[in-house]
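Where a number appears in this text, it was derived from the coordinates with a stated rule and is not lab data. Worth saying up front: this structure is predicted, and the values here are computed from it rather than measured. We place every Cβ from the backbone using ideal geometry, glycine too, and count neighbours over all the protein chains shown.
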């Protein structure tokens with residue numbers, strides 16, 4: 001098992017990186033790739049204020065389609081997709097948007113845990129719609 005947690009969006013050549021990792025795997029191996037979902041409801045809603053955008057550190061904005069395509073080009077078949085956005089990303093996106101707008105209604109950092117819990121329902125909804133702001137894809141070596 002190779003596990004990449006919020007790595008691939010920082011890599012200059014994601015397909016080449018995945019291809020290199022595949023050479024270290026057995027035929028029964030699995031790769032788990034977790035990245036922000038640039039095709040998420042939060043990305044659509046907040047645009048440049050989306051918390052997971054994180055430019056310039058994130059070189060790529062991967063969508064479910066582009067991540068699956070990168071994995072396939074690197075020699076993997078995607079066997080599972082999981083969307084796992086969380087309430088804190090909604091809160092942080094709201095905080096960024098308010099700060100950038102110059103609003104006097106800034107949100108505190110760090111947020112109150114009770115407040116964050118209120119955003120978990122929306123995050124769960126987007127995850128169920130495959131539009132959560134973070135995603136995991138599990139791949140296996142193509143036969």
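Grab the Cα-Cα distance for residue 69 and residue 5, subtract it from 0.36 nm times how many residues apart they are, and report the gain in nm with one decimal.
Full-extension gain reported as 21.2 nm.
Summing -39500 (n - 2.57) over the DSSP H runs of n ≥ 4 in the chain and dividing by its residue number, what mean residue ellipticity at 222 nm do you reach, to the nearest 500 deg cm²/dmol? Walk me through the numbers on the way to the answer.
Details: 5 runs with 56 residues, N = 143.
Helix-only estimate at 222 nm: -12000 deg cm²/dmol.
If you fit an axis through the alpha-carbon atoms of helix 64-73 and take the longest principal axis of the Cα set of the chain, what angle between them do you get, 0 to 90°, nearest 10?
Between helix and principal axis, roughly 20 degrees.
For the peptides 88-97, 113-122, 45-54, 5-14, what is the packing order when you average, over each peptide's residues, the other Cβ atoms within 10 Å and list the highest mean first? Can you show the working numbers first?
Values: 88-97: 19.9, 113-122: 12.6, 45-54: 17.3, 5-14: 15.4.
So the peptides 88-97, 113-122, 45-54, 5-14, ranked by packing, come out 88-97, 45-54, 5-14, 113-122.
How far apart, in nm, are two points set 7 Å out from the Cα along the Cα-to-Cβ line at residue 59 and at residue 30?
According to this spin-label approximation, the distance is 2.8 nm.
Per the Cauchy relation, a quarter of the hull surface: what is the mean projected area of the convex hull of the alpha carbons in the stretch 2-141, in nm²?
For the stretch 2-141, averaging the hull's shadow over all directions gives 8.7 nm².
Tilt of helix 87-101 relative to the longest C-alpha principal axis of the chain, in degrees (0 to 90, nearest 10)?
Roughly 60 degrees between the two axes.
Distance from a point 7 Å along Cα→Cβ of residue 142 to each backbone N in the stretch 1-40: keep the residues under 20 Å and list them by number.
Under cut-off, by backbone N: 2, 13-33.
Angle between the Cα long axis of helix 113-128 and the longest principal axis of the chain, 0 to 90 degrees, nearest 10?
Taking Cα atoms only, the helix is inclined about 50 degrees.
How far, in nm, would the chain grow between residue 99 and residue 48 when pulled straight, counting 0.36 nm per residue and subtracting the alpha carbon separation?
So the extension gain works out to 17.1 nm.
Which FRET efficiency, nearest 0.05, do residue 106 and residue 80 yield, Cβ-Cβ r, R0 41 Å?
Details: r = 39 Å, r/R0 = 0.96.
So the FRET efficiency works out to roughly 0.55.
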